[in-house]
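Engineer: Quick one: the structure is below, questions incoming.
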Amino acid sequence: MFQDFAQVWTPVAFSSRLGRTRPLRIEVAGTALVLFRDAHGAPAALLDRCPHRGVALSLGTVVDGCLQCPFHGWRFARSGQCVEVPWNPDVRRERLAALAVPAAELAGQIWIHTSTGDPPPQPPSVHEALLGTRTRISGIEMTWNTHWTRAMENMLDWPHLPFVHRRTIGKDLVALLGERLETLIEPQEWGWRVRTALHGQVRPGMLDFRRPNQMNLHIPVPGRELTLAVACIPVAERRTKLLLSAARNFARSPLLDGLFNRANRRIAGEDRAIVESSEPPEIPPARADRSVPTDRATLRFRHYYFSALKGSTCAAPPT
């Protein structure tokens, strides 16, 4: 389970997509899961396979905060415990459990931890800009036909801005292409922060990499806060789901969400065709490509991926 992406927290869906009566199927690193809300409204995640006959639990319904299998009506609690087996009142239900995955809800998103058993002691990490009581967050989902590492690396790459985004967020950099750009890396507990400098002067704006798969771009707006948050979620070898959010402490009317969502979609669309053309689909080790000093941030991500995630997996407990 969760090949090359085990033992980490990741957002998987916006909270608004998960209602109280219908489950939601997702896929993370080749592992199919089903999300639902328990009787208290808290998110839960199970392997999308009934332990009885292997059918997809995501085709079922939520009844009294438990997930009911569509085939024979078995019901499962958020812990995976089987709480009802129709026609079999005396059966030992403790041996009939579904496989549960830790789940949480934070900053308007549903998260899962790519493991089984009890939740890890540390909760998911998000920037405080996504948690403010006076912050408005709007977001969209996109699917790219590429490995998630290519999408993530793109999000951490400054030098492509005046080329891929020369009509949007990179247009102000076109006039500076003859300068020497310095990439500054600041290690953090949750990952690292990336800034750029010209002639020794740090430029406004910065981006954060939050392990394992989040980028936060802090856009300088005088007297205001605007943060673009992107999560690159592995689905399959050539399929990545992106959750793109705009967190702002101004223009907080829901009527303006569409404006920020369209901007996010346009910018990400400029990246998409370029990134999807990358071969091989998964990033190679740093030494396999030709690199230059402005690649410091993406090279650091490659080191993290190959040292911390590549080869990781989560074995399902025996049944």
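The values are calculated or read from the model by the stated rules, or taken from the named source; none is laboratory data. Worth saying up front: this structure is predicted, and the values here are computed from it rather than measured. Counting neighbours? That spans all protein chains shown, and the Cβs are built from the backbone with ideal geometry, glycine included.
Engineer: May I ask you to say which residue of 236, 229 is within 16 Å of the chain's Cα centre (by Cα) and closer than 30 Å to residue 80 by Cβ?
Structural biologist: Residue meeting the stated conditions: 236.
Engineer: Does the range 238-252 include one or more residues that are in a strand (DSSP E or B), β-branched (Val, Ile, Thr) and either out of contact with any helix residue (DSSP H, G or I) (no Cβ under 8 Å at 6 or more places or on another chain) or closer than 17 Å to residue 142 by Cβ (or both)?
Structural biologist: Yes, there is a match, as at least one residue in the range 238-252 is in a strand (DSSP E or B), β-branched (Val, Ile, Thr) and either out of contact with any helix residue (DSSP H, G or I) (no Cβ under 8 Å at 6 or more places or on another chain) or closer than 17 Å to residue 142 by Cβ (or both).
Engineer: If I filter the range 28-38 for residues that are over 23 Å from residue 143 (Cα atoms), surrounded by fewer than 16 Cβ atoms within 10 Å (Cβ to Cβ) and in contact (Cβ under 8 Å) with a residue 12 or more places away in the chain, do I get at least one hit?
Structural biologist: Within the range 28-38 (the criterion being over 23 Å from residue 143 (Cα atoms), surrounded by fewer than 16 Cβ atoms within 10 Å (Cβ to Cβ) and in contact (Cβ under 8 Å) with a residue 12 or more places away in the chain), the answer is no, since none of the residues qualifies.
Engineer: Is there a residue being of a type outside the set (A, V, I, L, M, F, W, C), at pLDDT below 95 and surrounded by fewer than 17 Cβ atoms within 10 Å (Cβ to Cβ) anywhere in the range 206-219?
Structural biologist: No, because not a single residue in the range 206-219 is of a type outside the set (A, V, I, L, M, F, W, C), at pLDDT below 95 and surrounded by fewer than 17 Cβ atoms within 10 Å (Cβ to Cβ).
Engineer: What is the residue count in the range 164-199 for residues that are in contact (Cβ under 8 Å) with a residue 12 or more places away in the chain and over 28 Å from the mean Cα position of the chain (by Cα)?
Structural biologist: 11
Engineer: Separate question: Can you say whether residue 291 is in a strand (DSSP E or B) and either in contact with a Leu (Cβ under 8 Å, 6 or more places away or on another chain) or aliphatic (A, V, I, L, M) (or both), as far as the supplied structure shows?
Structural biologist: When the stated conditions are applied, residue 291 does not pass them.
Engineer: Would you check if residue 212 is within 30 Å of residue 78 (Cα to Cα), of a type outside the set (Phe, Trp, Tyr), touching a Leu at 6+ places or on another chain (Cβ under 9 Å) and outside the structural domain of residue 257 (by TED's automatic domain parsing)?
Structural biologist: Criteria not met by residue 212.
Engineer: For the structure I just gave you, tell me whether residue 264 is within 13 Å of residue 155 (Cβ to Cβ) and modelled with pLDDT of 95 or more.
Structural biologist: The answer is no for residue 264.
Engineer: I've got another one for you. Tally the residues that are of a type in the set (Gly, Ala, Ser) and assigned to a helix (DSSP H, G or I), restricting the search to the range 113-132.
Structural biologist: Summing the residues that are of a type in the set (Gly, Ala, Ser) and assigned to a helix (DSSP H, G or I) in the range 113-132 gives 1.
Engineer: Something else now. For residues that are buried (at least 19 other Cβ atoms within 10 Å of the Cβ) and touching a residue at least 60 places away in the same chain (Cβ under 8 Å), tally how many sit in the range 78-106.
Structural biologist: Here the count works out to 3.
Engineer: For the range 13-68, give me each residue that is hydroxyl-bearing (Ser, Thr, Tyr) and either more than 14 Å from residue 99 (Cα to Cα) or in a helix (DSSP H, G or I) (or both).
Structural biologist: 15, 16, 21, 58, 61
Engineer: Is it the case, given these coordinates, that residue 91 is part of a strand (DSSP E or B), over 21 Å from the mean Cα position of the chain (by Cα) and either among the hydroxyl-bearing types (Ser, Thr, Tyr) or farther than 22 Å from residue 241 by Cβ (or both)?
Structural biologist: In short, no.
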